[in-house]
Amino acid sequence: MYIMKIQSFIQTSRFINYQNQYINRNYSDFGINSPKFSPISQPSFDTVSFKRKQDGPFISDMRELPNLTCACCGIKMMKNSDVNYFLNKKIYYPANISLRRIKTEQYFKESKVSEPMKQAYILLKEYADHNPNLTMDEILSKRTIKDARKTLPQDVSEAFEDIRDMTKLVEHNSKYMVSAINELNPHFHKLEKKVFNELQELSKKYPNDTFYDILNKPNVYKHYEHNLVQKEIDILDKISEYIENAPQEFKTQTEEKIAIAKDIFQNESKDIYHKRGRVISMFSDFLKENPNEYSNEIQKMINQLPDSKTDVDAFMIKGSQKSSNAIVEILLNRVRNTFEHVKPHRRIGDNGPNSIYNYIGLCGKCNGERQRTEYDIFVQSHPEMIDNTQKQIDKIIYYINSGILTKHDLYPDKIQKALDVESKGKIKININKLDLQKAKTNRTIRQQEYNYRKKLQNKK
């Protein structure tokens, strides 16, 4: 019975037409040269985090709009499908190679893995051999594979994800990686550009090593660790200076916390994670229990402890704990177009809905920074958001009027009201350029042109 299921699973690979050419994608918006790869199956773009939504000649997902800028910082964001395409075609190895290498590199040890894991490996290896250019993400995104997995025992199906994670550990050397991501460097944030420059310099010294191996070389790790610890100690010393004239009891207790924090940063093993978070939590709890005129300023100072989103040395230390592929994913995800809930989705007692009428587009970095901060507060530290939000809405209205973006006719009006309420009047956008009659006319034209092209293709 089980053998029959395996054979049925493997048969799905024979329905794939390997000769289909990839869609000719325009990468010029991001300075990316058209990828040069051998003809393989048409790619699936729902492989990382978000699904691509394009209905014939129309787009129904704002994250797929070209040249859309972040409503907060204003950078040009990458479409989700472009991020996924880049990762699958330039960073991840094809599955037939990565599956073989997880054995040779001892990630997958026959003597130690479970029977369901072995069975899942057999299935995936057979499918990958029939589809030699597909990555694991692409294979697992195939509808035929998703349907086939439903017929398998749950522990075997779940093992697919474990094997996918293993294949993500199969990495190119640093010389290749730097060359691959160099074309995206102009579109990174300032910090990510600095990170790329650091990786580029390290690659010149160690071209045949992976990012992971380089960052874990004792001399390299110690360099970034020394820089990071010095920054952390400097902030703690500033707190000591600030409380010089504080009440004695408060001063003594604060100095005790500072001593504990210094011990964490200077002496704890690198294998112990979340040092910054633990120190901030320790101070936050202490300051809540002992509020006075010094508390707010100390909290501001302790929040300035460097982290991987704001500091190169902190990024490199965190990167030493991750695979080379994961480092690239972080860099790309920070410029990826993501949905941001205007009304926070996890607001206690008053959750914002998962709805297009509650979304604006923020790059991954700004989205992660905002979290549940109320917009009227967030805008105080990001005043550029007022103008940048208007620019984004103007672009979205352009795509609606052009007949390109569908299912968003009500969006400008509803998001205008949501932003006004959530920002307490600080973000007021103008939607006067919206012309739904023009949008309707252009959609009709686009559909007719699309149908005509399809008719010509079918005749060939």
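The values are calculated or read from the model by the stated rules, or taken from the named source; none is laboratory data. Since the model is a prediction, treat every value here as computed from it, not as a measurement. As a convention, Cβ positions derive from the backbone with ideal geometry for all residues, glycine included, and neighbour counts pool all protein chains shown.
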Here is a check on your reading of the model: is His341 at pLDDT below 95 and either at positive phi or among the hydroxyl-bearing types (Ser, Thr, Tyr) (or both)?
no
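Listed here are the residues, each with its yes/no results for (1) surrounded by 22 or more Cβ atoms within 10 Å (Cβ to Cβ); (2) small (Gly, Ala, Ser).
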| position | (1), (2) |
| --- | --- |
| Lys76 | no, no |
| Lys79 | yes, no |
| Lys90 | no, no |
| Ala95 | yes, yes |
| Met117 | no, no |
| Ala120 | yes, yes |
| Leu124 | yes, no |
| Ala128 | yes, yes |
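For the range 242-297, which residues satisfy the criterion of being aliphatic (A, V, I, L, M) and over 15 Å from Glu232 (Cβ atoms)?
Applying the first criterion (aliphatic (A, V, I, L, M)) to the range 242-297 yields 243, 246, 258-261, 264, 272, 279-280, 282, 287.
Matches in the range 242-297: Ile243, Ala246, Leu287.
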Taking into account only those residues within the range 398-410 that are out of contact with any helix residue (DSSP H, G or I) (no Cβ under 6 Å at 6 or more places or on another chain) and in a helix (DSSP H, G or I), which is surrounded by the most Cβ atoms within 10 Å (Cβ to Cβ)?
Tyr399
So Leu362, is it buried (at least 20 other Cβ atoms within 10 Å of the Cβ) and out of contact with any strand residue (DSSP E or B) (no Cβ under 6 Å at 6 or more places or on another chain):
no
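Conditions (1) part of a strand (DSSP E or B); (2) over 30 Å from Glu449 (Cβ atoms), marked per residue:
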{"position": "Gly361", "(1), (2)": "yes, no"}
{"position": "Ile386", "(1), (2)": "no, yes"}
{"position": "Pro412", "(1), (2)": "no, no"}
{"position": "Lys417", "(1), (2)": "no, yes"}
{"position": "Lys428", "(1), (2)": "no, yes"}
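Just to be sure before I move on: is Glu126 assigned to a helix (DSSP H, G or I) and acidic (Asp, Glu) in the structure I sent? Lay out the reasoning, then the answer.
Working: assigned to a helix (DSSP H, G or I): yes; acidic (Asp, Glu): yes.
Considered against the rule, which asks whether it is assigned to a helix (DSSP H, G or I) and acidic (Asp, Glu), Glu126 comes out as yes.
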Within the range 363-379, residues charged (D, E, K, R), within 25 Å of Asn80 (Cα to Cα) and assigned to a helix (DSSP H, G or I) come out as Lys365, Glu369, Arg370
Among the residues of the range 412-419, is there at least one that is polar (S, T, N, Q) and over 30 Å from Val328 (Cβ atoms)?
yes
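Is it true that Lys194 is basic (Lys, Arg) and more than 30 Å from Gly74 (Cβ to Cβ)?
Details: basic (Lys, Arg): yes; more than 30 Å from Gly74 (Cβ to Cβ): no.
Considered against the rule, which asks whether it is basic (Lys, Arg) and more than 30 Å from Gly74 (Cβ to Cβ), Lys194 comes out as no.
With Gly352, Gly361, Gly368 as the choices, which residue is within 30 Å of Gln447 (Cβ to Cβ), touching a Lys or Arg at 6+ places or on another chain (Cβ under 8 Å) and not acidic (Asp, Glu)? Before you say what the answer is, go through the steps one by one.
Numbers: Gly352 fails: within 30 Å of Gln447 (Cβ to Cβ); Gly368 fails: within 30 Å of Gln447 (Cβ to Cβ).
The conditions single out Gly361.
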Give the range 403-422 a look and list any residue that's more than 26 Å from Phe378 (Cβ to Cβ) and free of Cβ contacts under 8 Å to residues at least 60 places away in the same chain, or say none.
Asp409
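Determine whether Ile400 is under 24 Å from Arg443 (Cα atoms), β-branched (Val, Ile, Thr) and touching a residue at least 60 places away in the same chain (Cβ under 8 Å).
Numbers: under 24 Å from Arg443 (Cα atoms): yes; β-branched (Val, Ile, Thr): yes; touching a residue at least 60 places away in the same chain (Cβ under 8 Å): no.
Criteria not met by Ile400.
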Consider Ile360 carefully, then state whether it is β-branched (Val, Ile, Thr) and under 18 Å from Met77 (Cα atoms).
yes
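Is there a residue in the range 133-140 that is among the acidic types (Asp, Glu) and either farther than 25 Å from Phe339 by Cβ or in a loop (DSSP other than H, G, I, E, B) (or both)? Can you show your working first?
First, pick out the residues of the range 133-140 that are among the acidic types (Asp, Glu): 137-138.
With the extra rule that they be either farther than 25 Å from Phe339 by Cβ or in a loop (DSSP other than H, G, I, E, B) (or both), the set shrinks to none.
No, the range 133-140 contains no residue that is among the acidic types (Asp, Glu) and either farther than 25 Å from Phe339 by Cβ or in a loop (DSSP other than H, G, I, E, B) (or both).
Leu434: among the aliphatic types (A, V, I, L, M), outside any loop (DSSP other than H, G, I, E, B) and either in contact with a strand residue (DSSP E or B) (Cβ under 8 Å, 6 or more places away or on another chain) or more than 18 Å from Glu64 (Cβ to Cβ) (or both), yes or no?
Details: among the aliphatic types (A, V, I, L, M): yes; outside any loop (DSSP other than H, G, I, E, B): no; either in contact with a strand residue (DSSP E or B) (Cβ under 8 Å, 6 or more places away or on another chain) or more than 18 Å from Glu64 (Cβ to Cβ) (or both): yes.
In short, no.
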Restricting the range 81-109 to residues that are assigned to a helix (DSSP H, G or I), over 18 Å from Asn131 (Cβ atoms) and among the polar types (S, T, N, Q), the residue that is farthest from the chain's Cα centre (by Cα):
Thr104
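Looking at the range 337-378, which of its residues are under 23 Å from the mean Cα position of the chain (by Cα) and of a type in the set (A, V, I, L, M, F, W, C)?
Initially, the range 337-378 is screened for residues under 23 Å from the mean Cα position of the chain (by Cα), giving 337-347, 352-375, 378.
Answer for the range 337-378, where residues must be under 23 Å from the mean Cα position of the chain (by Cα) and of a type in the set (A, V, I, L, M, F, W, C): Phe339, Val342, Ile356, Ile360, Leu362, Cys363, Cys366, Phe378.
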Within the range 338-346, does at least one residue satisfy the condition of being aromatic (Phe, Trp, Tyr) and either within 22 Å of Lys193 (Cβ to Cβ) or assigned to a loop (DSSP other than H, G, I, E, B) (or both)?
no
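Looking only at the range 141-148, decide whether some residue is part of a loop (DSSP other than H, G, I, E, B), touching a Lys or Arg at 6+ places or on another chain (Cβ under 9 Å), assigned by TED's automatic domain parsing to the domain that holds Lys103 and under 25 Å from Glu115 (Cα atoms).
Narrowing the range 141-148 to residues part of a loop (DSSP other than H, G, I, E, B): 142.
In the following step, the residues that additionally are touching a Lys or Arg at 6+ places or on another chain (Cβ under 9 Å) were identified as none.
No.
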